[in-house]
Structures are given as C-alpha cells and as structure tokens.
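Just so you know, all these numbers are worked out from the coordinates, no wet-lab data involved. None of these values were measured; they are calculated from a predicted model. Using ideal geometry, Cβ is built from the backbone for each residue, glycine included, and neighbour counts are taken over all protein chains shown.
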Amino acid sequence: MRKSAITAEAAAALVFDGASVMVGGFLGVGSPDRLIDALVSRKARGLTIIGNDTAYPTVGVGRLIEAGCVARVRASHIGTNPTTQRLMNGGAIEVELIPQGTLAERIRAGGAGLGGVLTPTGVGTIVAQGKQTVEIDGAIYLIEKRLRADFALLRAHEADYCGNLTYRLTAANFNPLMAFAADCVIAEPDEIVPSGVIPPDSVRTPGVLVTHLVGRAR
C-alpha cells in the first residue's frame, strides 16, 4: 500500500503527551533527529522513552531529556548523559536500567507476540528484585516481560513509498526490532526512493509495519 510522506511536525503531533515511545539509535547514531526536534518544538510532556540509551545532552534522545519532555526512561545505560543522571538522582524522572541484551530481547518478544523471555542475566543482582524466576535443568532464569510501546520512531537510510526500509551500520541495532513492537511506527528516512528501487533482499523493515513516513522539509 502506497504511503504519502508527512512532515516531522505532523508526525510529532500524533505522539500524544504521556505516550510510551521507542526511539531507535545507539548514542544518537540511528536516532530520528527531525522527529526529536519536532517533539521538542511542540513541548511534548510525560513521555516514556524506551531505547538503548539517552545519548548526550544535545544529541538524540538527550534533547528530549534536556527539554523536559520525558517522565520515564527504560534504557541499557545513561552514563554518557549527566542530565539524565542528575534528573534521576533528583527524582525528576524515573529510570529503569535494563541489560542491553535483555532490552533487545524484551523488545523482540513484544514484536513476536511473546509474553517475555528467560535470561540468566541479572540473577542474584539488583536487576532481579521483584521479578519471577524459573529453574530449568538446574539453572535459574529471570522472567523478563515483553516491551511494547504506543509509538516507534525510527531512523532509516532509505524508504520507498510502500514503506520498506533499509538501515546503515549501527542504525540497524534497535530500529528493526522496534518496528515490530509498537502500535504506530513512524519512520524518518534519509531519502525516499521510488517503489522498486530497493532490492527485496535489502529490505530490513517491510512496509506493512510502517504507519507513516516523514519527508524532508523543502
């Protein structure tokens, strides 16, 4: 089904205050910068951000943190963003730190329709507090529940007008997983090409998963 490109501002208007939002990227690489800027401009509030990290104060998700858009963070680390640390320590935002592999698997489970995953990571540590465990063949595993979100904001290399997406390098770490695990998927490609230009075996996210494409401002 052919998709029309919308502006970053129109896409940001769809993300309601208080929404849970998956944001692709790894320290800002692969994060949708135009969408983030539009959310900052519209003064989004109360967002729950699910992503690998909060980047740096002026980069990627860090811009949402700086602008006061975020109430909760679920990420694998915040060590590169002193603002996130300060706000967490002051009680201004909630932070759930999730081991990186566990985070990826919980998102994958959310997209695959699973209830969660079993992992030995975190057994016997603070990560295990309040969580169920199960013993299998003499080993203890944590039951980590799936992660889903209202929105996934993705950065792609190319998209066609069917919504098929490609990614480059580190941008492929979380973006493809998140495309399966959100109710509304908004993709910000570097370039939109005619349908048929992207070879079928280069498609990393099929267009059926993508709700909206964000076009470049002219």
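Cross-link reach is defined here as a Cα-Cα straight distance under 28 Å, omitting same-chain residues fewer than 8 places apart; for Lys43 the lysines meeting it are Lys3.
Out of all DSSP beta bridges in the chain, what portion is antiparallel? Express it as a percent rounded to 5.
Rounded to the nearest five, the antiparallel share is 30 percent.
Amide H contacts of Leu27: Asp53, Ala55, each under 5 Å away and 5 or more positions distant or on a separate chain (H built 1.01 Å from N in the peptide plane; Pro and chain starts excluded). Computed over region 1-70, the percent of Cα pairs more than 17 Å apart is 37.
Here each label is just a point 7 Å from Cα along the line to Cβ, and for Arg42 and Glu135 those points are 5.2 nm apart. Entry for region 1-144 at q = 0.11, 0.13, 0.14 Å⁻¹: log10 I(q)/I(0) = -0.47, -0.63, -0.72, Debye formula applied to identical alpha-carbon scatterers, no solvent contribution.
Of the three principal axes defined by the Cα atoms of region 80-218, the extents in descending order read 53, 42, 25 Å.
What does the charge count near Ile107 come to, summing +1 for each Lys or Arg and -1 for each Asp or Glu among other residues with Cβ under 9 Å from its Cβ?
Working: positive: Arg106, Arg108, Arg146, Arg148; negative: Glu105.
Net charge around Ile107: +3.
With +1 assigned to the C-beta of every Lys and Arg and -1 to the C-beta of every Asp and Glu, and no other charges, what is the dipole magnitude of region 1-125 about the Cα centre in debye, to the nearest 20? Mind dumping the intermediate values first?
Details: 12 positive and 9 negative charges, 55 e Å.
The dipole of region 1-125 has a size of about 260 debye.
In terms of other Cβ atoms within 10 Å, Cys69, Cys184 run from fewest to most in the order Cys184, Cys69. With a 10 Å Cβ neighbour count serving as the proxy for reagent exposure, in which order, fewest first, do Glu66, Glu96 appear? Sorted ascending by nearby Cβ count, the order is Glu96, Glu66. Each residue of region 62-74 was assigned a 3J(HN,Hα) from its phi angle through the Karplus expression (A = 6.51, B = -1.76, C = 1.60, θ = phi - 60°), giving x, 5, 5, 4, 4, 7, x, 7, 10, 9, 9, 10, 10 Hz with x at Gly and Pro. Partners of Lys131 within straight-line reach, counting lysines whose Cα lies under 24 Å from its Cα and excluding those fewer than 8 residues away in the same chain: Lys145. Close amide H partners of Arg155, meaning residues 5 or more places away or on another chain with modelled amide H under 5 Å apart, are Gly24, Glu188. DSSP bridge analysis restricted to region 1-100 gives an antiparallel fraction near 15%, rounded to the nearest 5.
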